[in-house]
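Participant: Pasting a structure here, questions to come.
The values are calculated or read from the model by the stated rules, or taken from the named source; none is laboratory data. All of these numbers come straight from a predicted model, not from anything done at the bench. Don't worry about glycine lacking a Cβ; one is built from the backbone with ideal geometry, like all the others, and counts go over all protein chains shown.
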Amino acid sequence: MLKLTTAQCSHAGERATNEDVLGVRIREHDACFMLSDGVGGETGEGHAAKLAM
């Protein structure tokens, strides 16, 4: 059995919003961790990060 403890942290820096997306999926025998950078300052960056996730 796989036993994991996770933590997530993301910082907007100097931007008004943080559009990064963090995800984790832990199952009985495997785990997947993802980070999608929102490319701040570009049009639609938050949408793109969510699609990638």
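Participant: When you check Leu2 against the structure, is it exposed (fewer than 10 other Cβ atoms within 10 Å of the Cβ) and modelled with pLDDT under 80, yes or no?
Facilitator: On the way: exposed (fewer than 10 other Cβ atoms within 10 Å of the Cβ): yes; modelled with pLDDT under 80: yes.
Yes.
Participant: Output the qualifying pairs, or none if there are none: Cβ atoms under 7 angstrom, residues six or more apart or on different chains, first residue in segment 28-53 and at negative phi and aromatic (Phe, Trp, Tyr), second residue part of a strand (DSSP E or B) and modelled with pLDDT of 75 or more.
Facilitator: Phe33/Val24
Participant: Which residues, taken from segment 7-29, are modelled with pLDDT of 85 or more and among the small types (Gly, Ala, Ser)?
Facilitator: Correct list: Ala7, Gly23.
Participant: Now a separate question. I'd like the residue in segment 3-38 that is within 12 Å of the chain's Cα centre (by Cα) and of a type in the set (Val, Ile, Thr) and, out of all such residues, is nearest to Leu51 (Cα to Cα). Spell out how you get there, then give the answer.
Facilitator: Just the residues of segment 3-38 that are within 12 Å of the chain's Cα centre (by Cα), to begin with: 7-11, 18-25, 32-38.
Filter once more, keeping what is of a type in the set (Val, Ile, Thr): 21, 24.
On the way: Val21: 10, Val24: 15 Å.
So, considering only residues that are within 12 Å of the chain's Cα centre (by Cα) and of a type in the set (Val, Ile, Thr), the one nearest to Leu51 (Cα to Cα) is Val21.
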